[in-house]
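Q: Once you've had a glance at the structure underneath, I'll fire off some questions.
The values are calculated or read from the model by the stated rules, or taken from the named source; none is laboratory data. In this text, all values refer to a predicted model and were calculated from it rather than measured experimentally. All Cβ positions, glycine included, derive from the backbone under ideal geometry; neighbour counts span all protein chains shown.
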Amino acid sequence: DRSLLGLKDISREEILSILDRAAYWESQSEKLVPVLNRKFAVNMFFENSTRTRFSFEMAQKRLGVQVMNFSAAASSVEKGESIYDTVRTLESMGVDAGVIRLKPSGVLQELAERINIPLINAGDGNNEHPTQALLDLYTMRKVFGELKGLTVSIIGDIKHSRVARSDLWALQKLGAKVQYCAPPSMAAPELAEHAPYVSMDEALKADVVMMLRVQLERHNEGLFKSTAEYREQYGLTEKRAASLSGHTIIMHPAPVNRNVEIDDAVVECERSLIFKQMAHGVPVRMAVMERALKD
Ligand code: CP
């Protein structure tokens, strides 16, 4: 299958093959290798994005793909056209693959069953964000060589996080141990059977400390009293970062709320790989686009 809807249902071998191919693309010094210049792709973001949108476009352009960017706000979606009719319309014009980000969870699978071109999930609700998890794994693999035996703590708003889910499915397939740490209001109880919830002190002992964004746009749900209190209890403060063991790395999918879930000074400290993760998004998405489009 050339689509990439999530990592829960793809094999370990398939994940490794994408990561290996991403390493190949990262090793290429030539920026433009237009091997897919006869292919057309459309990026459809029904929810805002900076990193995913632009690294997909960068990846596509580096491979020579003819890229079209769909903006929901400037489209007939504003007149009430459905997501299915929108994607079907672009497919009927001859587009070869679609990258899609959707606000709701659970509609992408159904959409993919009705569409013939490969679809790549760029994040759907709190369900999955497979290319983010692939670039996370890619980053960990570069540091540690292999993922088997690593302990990865994912800290913060697990409930609303598609990254927490995609990383869990993929890391477990590759033999890493995932643990979560979250305030009760941000926990996802249905994931407890897959990964334990641990205290902040325990979480900080891991090989990888992955902080998640506090989704401030959901604060009206009363998830936490104040950002200052969140930082105090669950933030990666300078003091906590200084207590990590020598080999531990810090990650965050970004966007980052500086001085909420992670202190300003920690974002770009030596052991933080946050901007490296973003850089790795390009070769990983090149591998995913190639998988979707190559003849
Ligand atoms: N990490 C991530 O998905 O960022 P964007 O929402 O900016 O794409």
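Q: Can you find even one residue in segment 81-101 that is closer than 29 Å to Ser272 by Cα, touching a Lys or Arg at 6+ places or on another chain (Cβ under 9 Å), within 16 Å of the ligand (Cβ to nearest atom) and outside the structural domain of Val209 (by TED's automatic domain parsing)?
A: yes
Q: Check Pro255, Pro283 and return the single one that is under 20 Å from the mean Cα position of the chain (by Cα), in a loop (DSSP other than H, G, I, E, B) and under 30 Å from Ser3 (Cα atoms). Show your work before the answer.
A: Values: Pro283 fails: in a loop (DSSP other than H, G, I, E, B).
Within the list Pro255, Pro283, the selection yields Pro255.
Q: Taking segment 31-67 as the search range and keeping residues that are aliphatic (A, V, I, L, M) and part of a loop (DSSP other than H, G, I, E, B), which one is nearest to Val284 (Cα to Cα)?
A: Going residue by residue through segment 31-67, those that are aliphatic (A, V, I, L, M) are 32-33, 35-36, 41-42, 44, 58-59, 63, 65, 67.
Those left that are additionally part of a loop (DSSP other than H, G, I, E, B): 32-33, 35-36, 63, 65.
Values: Leu32: 15, Val33: 15, Val35: 16, Leu36: 16, Leu63: 12, Val65: 15 Å.
This residue is Leu63.
Per-residue answers, yes or no, for (1) in contact with a strand residue (DSSP E or B) (Cβ under 8 Å, 6 or more places away or on another chain); (2) of a type in the set (Lys, Arg); (3) away from the ligand (no atom under 16 Å from the Cβ):
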{"residue": "Asp201", "(1), (2), (3)": "no, no, yes"}
{"residue": "Ala206", "(1), (2), (3)": "yes, no, yes"}
{"residue": "Met210", "(1), (2), (3)": "yes, no, no"}
{"residue": "Leu236", "(1), (2), (3)": "yes, no, yes"}
{"residue": "Ala242", "(1), (2), (3)": "no, no, yes"}
{"residue": "Ser245", "(1), (2), (3)": "no, no, yes"}
{"residue": "Asp264", "(1), (2), (3)": "yes, no, yes"}
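Q: When you scan segment 9-57, how many residues do you find that are among the aliphatic types (A, V, I, L, M) and within 17 Å of Leu134 (Cα to Cα)?
A: Applying the first criterion (among the aliphatic types (A, V, I, L, M)) to segment 9-57 yields 10, 15-16, 18-19, 22-23, 32-33, 35-36, 41-42, 44.
Right, trim to within 17 Å of Leu134 (Cα to Cα) and you get 10, 15-16, 18-19, 22-23.
Going through segment 9-57 one residue at a time, the tally reaches 7.
Q: Do you know which residues across segment 181-205 are assigned to a strand (DSSP E or B) and under 22 Å from Ser226 (Cβ atoms)?
A: Initial filter on segment 181-205 (assigned to a strand (DSSP E or B)): 181, 197.
Listed by number, the list holds a single entry, Cys181.
Q: A further question follows. Test Glu232 against the stated conditions and say whether it is out of contact with any helix residue (DSSP H, G or I) (no Cβ under 7 Å at 6 or more places or on another chain), assigned to a loop (DSSP other than H, G, I, E, B) and either farther than 15 Å from His252 by Cβ or modelled with pLDDT under 95 (or both).
A: Details: out of contact with any helix residue (DSSP H, G or I) (no Cβ under 7 Å at 6 or more places or on another chain): yes; assigned to a loop (DSSP other than H, G, I, E, B): no; either farther than 15 Å from His252 by Cβ or modelled with pLDDT under 95 (or both): yes.
No.
For every residue, the table says whether it meets (1) among the β-branched types (Val, Ile, Thr); (2) buried (at least 20 other Cβ atoms within 10 Å of the Cβ); (3) within 13 Å of the ligand (Cβ to nearest atom).
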position: Asp124; (1), (2), (3): no, yes, yes
position: His129; (1), (2), (3): no, yes, yes
position: Leu134; (1), (2), (3): no, yes, yes
position: Val152; (1), (2), (3): yes, yes, no
position: Ile155; (1), (2), (3): yes, yes, no
position: Asp167; (1), (2), (3): no, yes, yes
position: Leu174; (1), (2), (3): no, no, no
position: Lys177; (1), (2), (3): no, no, no
position: Ala182; (1), (2), (3): no, yes, no
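Q: With farther than 28 Å from Gln215 by Cα and surrounded by 18 or more Cβ atoms within 10 Å (Cβ to Cβ) as the only criterion, which of Ala41, Ala23 stands out? Show your work before the answer.
A: Values: Ala23 fails: surrounded by 18 or more Cβ atoms within 10 Å (Cβ to Cβ).
So the residue among Ala41, Ala23 that is farther than 28 Å from Gln215 by Cα and surrounded by 18 or more Cβ atoms within 10 Å (Cβ to Cβ) is Ala41.
Q: Return the residue satisfying two criteria in turn: it lies in segment 268-277 and is of a type in the set (A, V, I, L, M, F, W, C) and closer than 20 Å to Ser55 by Cα, and of such residues it is surrounded by the fewest Cβ atoms within 10 Å (Cβ to Cβ).
A: Our first condition is that a residue be of a type in the set (A, V, I, L, M, F, W, C); within segment 268-277, this holds for 269, 273-275.
Next, only the ones that are closer than 20 Å to Ser55 by Cα stay: 273-275.
Values: Leu273: 21, Ile274: 19, Phe275: 12.
Here the answer is Phe275.
Q: Would a scan of segment 49-56 turn up a residue that is more than 29 Å from Leu273 (Cα to Cα) and either away from the ligand (no atom under 13 Å from the Cβ) or of a type in the set (Phe, Trp, Tyr) (or both)? Quick ask: steps written out before the conclusion?
A: Within segment 49-56, the subset more than 29 Å from Leu273 (Cα to Cα) is none.
No: segment 49-56 contains no residue that is more than 29 Å from Leu273 (Cα to Cα) and either away from the ligand (no atom under 13 Å from the Cβ) or of a type in the set (Phe, Trp, Tyr) (or both).
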